[in-house]
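Q: Dumping the structure here so I can ask a few things about it.
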Amino acid sequence: MSDQSPFLPTPTLPGERERELTAFRHLYVHIPFCKHKCGYCDFNAYAGMDRLMPDYVDALERELIFARERHPFQQLETVYLGGGTPSLLPAPLASRLLHFIRANFNVAPDAEVTLEANPASTDESKVAAWLEGGVNRLSLGVQGFDRRALAVLAGPTPRRPPTRSALRETWAWRTSAST
Ligand code: SF4
């Protein structure tokens with residue numbers, strides 16, 4: 001029989017306790033690519049750099065290993081791919097990154113895994129890759145549906161504002177890919 005009261009917490013050494021309290025339970029991964037740099041945007045985001053995506057994902061993987069080796073991580077409750085516009089990553093690169101995270105971190109089976117997406121850079125193959133890589137939450141971002149308002153908010157741009165039907169299409173892909 002144990003000589004410990006079941007009502008007392010298991011004693012931990014000070015270092016262990018500190019590690020337990022400070023261990024990360026959430027992982028944010030930044031994808032800084034955008035089609036257009038909006039006039040009001042202060043985020044770390046760049047347009048016209050898409051050619052660097054493969055090198056950037058290589059560097060991210062090295063950085064994630066670096067972080068994992070130097071900082072304590074608990075089982076991850078959330079993973080968030082934000083930007084920038086993460087939906088700009090080609091499906092194979094997004095898939096590779098999502099699988100890398102799962103292979104190198106202890107992601108909880110019920111973790112919330114989010115990817116920020118713009119409907120204009122979302123297609124069926126990307127949605128399928130995200131779902132297969134464990135994404136279970138899309139954060140859809142649009143600046144506006146009105147071309148004049150968009151011109152004021154985002155600055156001169158050749159882009160057309162996203163349409164509501166593009167949003168509906170994205171949702172339909174998500175639904176069809178998960179069934
Ligand atoms: S799309 Fe978003 S992250 Fe990219 S430049 Fe515009 S506001 Fe910034």
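Q: Please go through segment 97-120 and pick out each residue that is farther than 15 Å from residue 34 by Cβ, among the small types (Gly, Ala, Ser) and either within 14 Å of the ligand (Cβ to nearest atom) or surrounded by fewer than 16 Cβ atoms within 10 Å (Cβ to Cβ) (or both).
A: Of everything in segment 97-120, those that are farther than 15 Å from residue 34 by Cβ, among the small types (Gly, Ala, Ser) and either within 14 Å of the ligand (Cβ to nearest atom) or surrounded by fewer than 16 Cβ atoms within 10 Å (Cβ to Cβ) (or both) turn out to be 103, 108.
Q: Out of 62, 68, 51, report the one residue that is surrounded by 14 or more Cβ atoms within 10 Å (Cβ to Cβ), at pLDDT 95 or above and not small (Gly, Ala, Ser). Show your work before the answer.
A: Working: 62 fails: surrounded by 14 or more Cβ atoms within 10 Å (Cβ to Cβ); 51 fails: surrounded by 14 or more Cβ atoms within 10 Å (Cβ to Cβ).
Of the residues listed, the single one that is surrounded by 14 or more Cβ atoms within 10 Å (Cβ to Cβ), at pLDDT 95 or above and not small (Gly, Ala, Ser) is 68.
Q: Which one of these does residue 144 not meet: (1) surrounded by fewer than 18 Cβ atoms within 10 Å (Cβ to Cβ); (2) within 16 Å of the ligand (Cβ to nearest atom); (3) at pLDDT 80 or above?
A: (3)
Q: Here is a further query. From the set of residues in segment 53-81 that are more than 18 Å from the chain's Cα centre (by Cα) and without any contact (Cβ under 8 Å) to a residue 12 or more places away in the chain, which is nearest to the ligand (Cβ to nearest atom)? Lay out the reasoning, then the answer.
A: Step one: list which residues in segment 53-81 are more than 18 Å from the chain's Cα centre (by Cα), which gives 66, 69-72, 74.
Cutting the leftovers down to without any contact (Cβ under 8 Å) to a residue 12 or more places away in the chain gives us 66, 69-70.
On the way: 66: 25, 69: 30, 70: 28 Å.
The selected residue is 66.
Q: Does any residue of segment 89-96 turn out to be within 16 Å of the ligand (Cβ to nearest atom) and either assigned to a strand (DSSP E or B) or closer than 26 Å to residue 38 by Cβ (or both)?
A: Yes, there is a match, as at least one residue in segment 89-96 is within 16 Å of the ligand (Cβ to nearest atom) and either assigned to a strand (DSSP E or B) or closer than 26 Å to residue 38 by Cβ (or both).
Q: While we're on this one: Would you pick out the residues in segment 77-105 that are of a type in the set (A, V, I, L, M) and within 16 Å of residue 30 (Cβ to Cβ)? Walk me through it before giving the result.
A: Step one: filter segment 77-105 for residues of a type in the set (A, V, I, L, M), giving 79, 81, 88-89, 91, 93-94, 97-98, 101, 103.
79, 81, 88, 89, 93, 94, 97, 98, 101, listed by residue number.
The values are calculated or read from the model by the stated rules, or taken from the named source; none is laboratory data. Source: prediction; values computed, not measured. As a convention, Cβ positions derive from the backbone with ideal geometry for all residues, glycine included, and neighbour counts pool all protein chains shown.
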